[in-house]
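Take a look at the structure set out below.
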Amino acid sequence: MIIVGTSKLLVKKMPILISWIISTLVILASPYFLPGISVNSFMAALTAAIVLGLANAILKPVLILLTLPINFLSMGLFTLVINAGLVLLTAYLVSGFFVASFWWALLLGLILSLVSAIIPD
């Protein structure tokens, strides 16, 4: 009985782990097609994916709520600016992960959003 409960708990946590691995791979591959982004190692990409995931879980809802009027006026496009800001914050916090400018952060945020939307939970 306990084994069944543990396996159900493990199955519920797997999408988070898979999402972090996919984000890590996207961040690790991004310097190959976005020259304004630099990643030194796999551990830097993994750390960046975890920090970005935590920032998206904790800060993004607050930022979206605070910028609701401008988000409404831009028909949701300001959310891309919030994503870029979170990518820049992640680059500031994680050593070994560098983003050259806001525009490269915007492109990486857009790519991460598209990949996470395509990959099912």
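Computed from the coordinates by the stated procedures, all read-outs in this text should not be read as laboratory data. Since this is a predicted model, take the numbers as computed values, not measurements. When we count neighbours, we look across all protein chains shown, and the Cβ atoms used for this are built from the backbone with ideal geometry, even at glycine.
Structure summary
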item: Within the chain, helix-based [θ] at 222 nm, where runs of 4 or more DSSP H residues each add -39,500 (n - 2.57), nearest 500; result: -27000 deg cm²/dmol
item: Karplus (6.51, -1.76, 1.60) ³J(HN,Hα), θ = phi - 60°, over the stretch 55-71, in Hz, Gly and Pro reported as x; result: 5, 5, 7, 9, 7, 4, x, 5, 5, 5, 5, 5, 9, 4, x, 6, 5
item: Degrees separating the helix 78-93 axis from the principal Cα axis of the chain, which is the longest one; result: 80
item: Contour minus Cα-Cα distance for SER38 and ILE118 (0.36 nm per residue); result: 26.4 nm
item: Phi-based couplings in Hz for the stretch 25-36 (Karplus 6.51, -1.76, 1.60; Gly and Pro marked x); result: 5, 5, 5, 5, 8, 4, x, 6, 10, 10, x, x
item: Reported label for calculated semi-axes √(5λ) of the Cα gyration tensor in Å given (i) 30, 16, 11; (ii) 26, 20, 12; (iii) 47, 16, 10; result: (ii)
item: For the stretch 9-69 versus the stretch 72-121, the gap between their alpha-carbon centres in whole angstrom; result: 9
item: Pairwise FRET efficiency - SER19 versus LEU68, Cβ, R0 = 22 Å, nearest 0.05; result: 0.25
